[in-house]
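Inspection log for the structure reproduced underneath, given as C-alpha cells.
The values are calculated or read from the model by the stated rules, or taken from the named source; none is laboratory data. On a predicted model such as this, the values are computed, not experimentally measured, just so you know. Here the Cβ positions follow ideal geometry from the backbone for every residue, glycine too, while neighbour counts run over all protein chains shown. These area figures cover heavy atoms from the full protein model, side chains too; ligands, DNA and RNA do not enter into them. Shrake-Rupley method; radii C 1.70, N 1.55, O 1.52, S 1.80 Å.
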Amino acid sequence: EVQLVESGGGLVQAGGSLRLSCAASGFAFDDYAIGWFRQAPGKEREEVSVIGNDNGYIPYADSVKGRFTISRDNAKNTAYLQMNSLKLEDTAVYYCAAARIYNSGDELMTGNFDYWGQGTQVTVSS
C-alpha cells in the first residue's frame, strides 16, 4: 500500500537544526512531487515547500525562506527537509505529501496532494 513516513522530528533549541525525512513506498516516487507542510496548534496548515522532479523553481513559504531546504533522493525514494536557524514559531507537526506530476499541454503540472504521511512533531524551545 501507499505509505509516506516522516521521521527526524524532535525537540531542538532555537537556532539549532533538524533534518526531516520522508520515506515513500507503494507508488512511483519519481512521478510525484513531494511537499512539506506544517500545522501548529490553533493554526491553519501551511505549505512549507514543494519539490518536483524537473529542476524547476522550488517555492518556499516566506516564513522559512533562507532557512529551510527541500531535497529528494529518488534512488532512496526519500525526500528531506533541512531546517536551519530554527525559531520558536517553527514548532508544528510536519507532514510530507505526494502529488502526481502530469502533462498539461506541453507543461508539467502537479495534481492534488493525494497521499499524506502521519506527521512528525518538531518542537523548538528557547
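Failed condition for D106, given (1) open to solvent by 80 Å² or more (accessible area, probe 1.4 Å); (2) touching a residue at least 40 places away in the same chain (Cβ under 8 Å); (3) out of contact with any helix residue (DSSP H, G or I) (no Cβ under 9 Å at 6 or more places or on another chain), with all others met? D106 satisfies all of (1) open to solvent by 80 Å² or more (accessible area, probe 1.4 Å); (2) touching a residue at least 40 places away in the same chain (Cβ under 8 Å); (3) out of contact with any helix residue (DSSP H, G or I) (no Cβ under 9 Å at 6 or more places or on another chain) except (2). Only a single item in (1) outside any strand (DSSP E or B); (2) touching a residue at least 40 places away in the same chain (Cβ under 8 Å) is not met by E44, and it is number (2).
Residue-by-condition table, conditions (1) in contact with a Gly (Cβ under 9 Å, 6 or more places away or on another chain); (2) assigned to a loop (DSSP other than H, G, I, E, B):
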{"site": "L20", "(1), (2)": "yes, no"}
{"site": "I34", "(1), (2)": "yes, no"}
{"site": "S49", "(1), (2)": "yes, no"}
{"site": "N55", "(1), (2)": "no, yes"}
{"site": "I58", "(1), (2)": "yes, yes"}
{"site": "S63", "(1), (2)": "no, yes"}
{"site": "G66", "(1), (2)": "no, yes"}
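Does G119 count as closer than 16 Å to L11 by Cβ and open to solvent by less than 50 Å² (accessible area, probe 1.4 Å)? Working first, answer last.
Values: closer than 16 Å to L11 by Cβ: yes; open to solvent by less than 50 Å² (accessible area, probe 1.4 Å): yes.
Taking the combined requirement at face value, the residue satisfies it.
Scanning region 78-93 for residues that are open to solvent by less than 50 Å² (accessible area, probe 1.4 Å), under 14 Å from the mean Cα position of the chain (by Cα) and not aromatic (F, W, Y) gives T78, A79, L81, M83, D90, A92, V93. Per the conditions (1) over 18 Å from G119 (Cβ atoms); (2) over 13 Å from the mean Cα position of the chain (by Cα); (3) of a type in the set (G, A, S), the sole criterion not satisfied by S71 is (2).
Checked against (1) touching a residue at least 12 places away in the same chain (Cβ under 8 Å); (2) of a type in the set (A, V, I, L, M, F, W, C); (3) in a strand (DSSP E or B), F27 passes all but a single condition, namely (3).
I need the full set of residues from region 25-74 which are of a type in the set (F, W, Y) and surrounded by 11 or more Cβ atoms within 10 Å (Cβ to Cβ), in order please. Those that are of a type in the set (F, W, Y) and surrounded by 11 or more Cβ atoms within 10 Å (Cβ to Cβ): F27, F29, Y32, W36, F37, Y60, F68.
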